[in-house]
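Inspection log for the structure reproduced underneath, given as structure tokens.
The values are calculated or read from the model by the stated rules, or taken from the named source; none is laboratory data. None of these values were measured; they are calculated from a predicted model. Neighbour counts are summed over all protein chains in view; Cβ atoms, including those assigned to glycine, are modelled from backbone coordinates with ideal geometry. To get the accessible areas, we keep the full protein, side chains included, count just its heavy atoms, and leave off ligands, DNA and RNA. Shrake-Rupley method; radii C 1.70, N 1.55, O 1.52, S 1.80 Å.
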Amino acid sequence: MLLGHHKVMLIPGDGIGPEVIGATTELLEFMGAKVEFIHAEAGYGAYKKYGTPLPKETVDLFAEAKCALFGAVTTPPSIEGYRSPIIQLRQMFDLYANVRPFKSFELFKDYSFDFVIIRENTEGLYVAREHWKSDGIAIAERQITQEACGRIATFAFEMAKSQSRNRVTAVHKANVLRVTDGLFLSCFHNVAKDYPMIRVEEMLVDSTATRLIVFPESFDIILAPNLYGDILSDLAAGLVGSLGFSPSANLGVEHALFEPIHGSAPDIAGNDVANPYGTLFASCMLLEHLGEKKLANRLFSLLTNGIANGILTHDLGGRFRTSEVTKQLIKLEDIGYRSG
Ligand code: ATP
């Protein structure tokens, strides 16, 4: 290990994963990040090579490194018993909080918003317990526990406190799912009692979708069970401008994994057109997590500068390829460095 360097597991994965990861590691290296990346495999490519999408070496490495940067993986729906490695890692390492910040860029939209979706990351429908009750009747179990709801609510209120955000909106469908979402809401209100200075709000998930489109600036922190959080995040990414823009952090007590929110996008893989900003912003979150706040801030302002200067890929009407975005950002950083 390089002296003074943070050891971080790097999983490029499938599809556009290696392209957006390549763009990110190149920029981090240029910026002098004290990170030693250790390559690991996961995803459909790993499955074809080793017969498993999550090799034991990858699990062992994450157990030791405790921190990872992840590209994207393809999950083929037709292979029986196949489980997405990212969902497995979230559950195995109890990465219970999925944090997804969404901030508007003036360049694309004329409204301004800045909110965070906090998605419970370990249970709900993602326990993937499905079975056939009888011919033509399929059942999926949705697990909601007091423990998981309590700790994700605490996480949301603590984040509100530390980031000076003043409202937490709990998203639910308790008018239909009275028991499971009912439990989620009662845990939320129990925890809220300890944070009297923070406003609390409940909102049906369907109403939340509309309000996000019409009035996104009204949100501060959105707290959601697993599946609602997943769907609302893609909607919010659309509000920002592209699915390729948004980062996320999967946080546990000891382990942390950072990734863009998009998937492996097989339709554009291999064409050097993927938007790398989601992974680049994820690496900002990673640097902050590692205590490299100054570099995280420098990288963040370089990225927002790059966006403002039109260093964009095709999904946003830009003219740059994935690999060119990094080169252009390096140029921009160089100019800024020389003039500043
Ligand atoms: P998953 O199930 O893993 O979410 P998916 O195929 O449903 O995967 P994505 O892979 O995220 O979803 O892709 C959805 C659409 O968004 C695709 O048309 C894809 O081309 C586009 N897309 C996703 N990520 C990017 C990106 N980084 N840059 C440009 N377009 C992207």
- Given (1) among the hydroxyl-bearing types (Ser, Thr, Tyr); (2) surrounded by fewer than 22 Cβ atoms within 10 Å (Cβ to Cβ); (3) under 26 Å from Ser207 (Cα atoms), number of the condition Ser301 does not satisfy: (3)
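Yes/no matrix, rows are residues, columns are (1) of a type in the set (D, E, K, R); (2) at pLDDT 95 or above:
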position: Ser283; (1), (2): no, yes
position: Lys293; (1), (2): yes, yes
position: Phe300; (1), (2): no, yes
position: Ile307; (1), (2): no, no
position: Gly317; (1), (2): no, no
position: Gln328; (1), (2): no, yes
- Where residues in the stretch 229-242 are in contact (Cβ under 8 Å) with a residue 60 or more places away in the chain and open to solvent by 20 Å² or more (accessible area, probe 1.4 Å), which of them is farthest from the ligand (Cβ to nearest atom)? Gly241
- Item | Selection from the stretch 157-166 of residues that are crowded, with 19+ Cβ neighbours inside 10 Å and out of contact with any helix residue (DSSP H, G or I) (no Cβ under 8 Å at 6 or more places or on another chain) | Ala160
- Kindly list the number of the only condition in (1) outside any strand (DSSP E or B); (2) touching a residue at least 60 places away in the same chain (Cβ under 8 Å) that fails for Tyr126. (1)
- Message: Where the second residue is at pLDDT 95 or above and the first is open to solvent by 40 Å² or more (accessible area, probe 1.4 Å) and lies in the stretch 85-99, which pairs have Cβ atoms under 6 Å and are six or more apart or on separate chains?
- Response: Gln88/Leu54; Asp94/Gly252
- Message: For the stretch 208-223, which positions are part of a helix (DSSP H, G or I) and either within 13 Å of Thr154 (Cα to Cα) or within 23 Å of the chain's Cα centre (by Cα) (or both)?
- Response: Thr208, Ala209, Thr210, Arg211, Leu212, Ile213, Pro216, Glu217, Ser218
- Which of the residues spanning the stretch 256-287 are of a type outside the set (A, V, I, L, M), assigned to a strand (DSSP E or B) and either in contact with a Leu (Cβ under 8 Å, 6 or more places away or on another chain) or over 28 Å from Val214 (Cα atoms) (or both)? Phe258, Glu259
- Task: Return yes when Val253 is more than 16 Å from the ligand (Cβ to nearest atom) and either open to solvent by less than 30 Å² (accessible area, probe 1.4 Å) or in a helix (DSSP H, G or I) (or both) and no when it is not.
- Result: no
- Go through the stretch 264-289 and give me each residue that's surrounded by fewer than 20 Cβ atoms within 10 Å (Cβ to Cβ) and either away from the ligand (no atom under 16 Å from the Cβ) or under 18 Å from the mean Cα position of the chain (by Cα) (or both). Glu288, His289
- If you go through the stretch 162-173 one residue at a time, do you hit one that is within 13 Å of Asn226 (Cβ to Cβ) and within 16 Å of the chain's Cα centre (by Cα)? no
- Return a yes/no flag: does the stretch 129-149 have any residue that is part of a helix (DSSP H, G or I), open to solvent by 20 Å² or more (accessible area, probe 1.4 Å) and of a type outside the set (S, T, N, Q). yes
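Of all residues being hydrophobic (A, V, I, L, M, F, W, C) and in a helix (DSSP H, G or I) in the stretch 174-195, which is most open to solvent (accessible area, probe 1.4 Å)? Just the residue, please.
From the stretch 174-195, those hydrophobic (A, V, I, L, M, F, W, C) are 174, 176-177, 179, 183-185, 187-188, 191-192; that's our starting set.
Keeping just the survivors that are in a helix (DSSP H, G or I) gives 183-185, 187-188, 191-192.
Working: Leu183: 49, Phe184: 5, Leu185: 17, Cys187: 10, Phe188: 1, Val191: 20, Ala192: 13 Å².
If we take residues in the stretch 174-195 being hydrophobic (A, V, I, L, M, F, W, C) and in a helix (DSSP H, G or I), then Leu183 is most open to solvent (accessible area, probe 1.4 Å).
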- Selection status of Thr169, buried (at least 21 other Cβ atoms within 10 Å of the Cβ) and of a type in the set (S, T, N, Q): yes
- Note on the structure: Among Ala269, Ala249, the single one that is touching a residue at least 60 places away in the same chain (Cβ under 8 Å), small (Gly, Ala, Ser), within 19 Å of Ala42 (Cβ to Cβ) and out of contact with any Phe, Trp or Tyr (no Cβ under 8 Å at 6 or more places or on another chain) is Ala269
- Could we say that Thr25 is within 25 Å of Asp230 (Cα to Cα) and modelled with pLDDT of 95 or more here? no
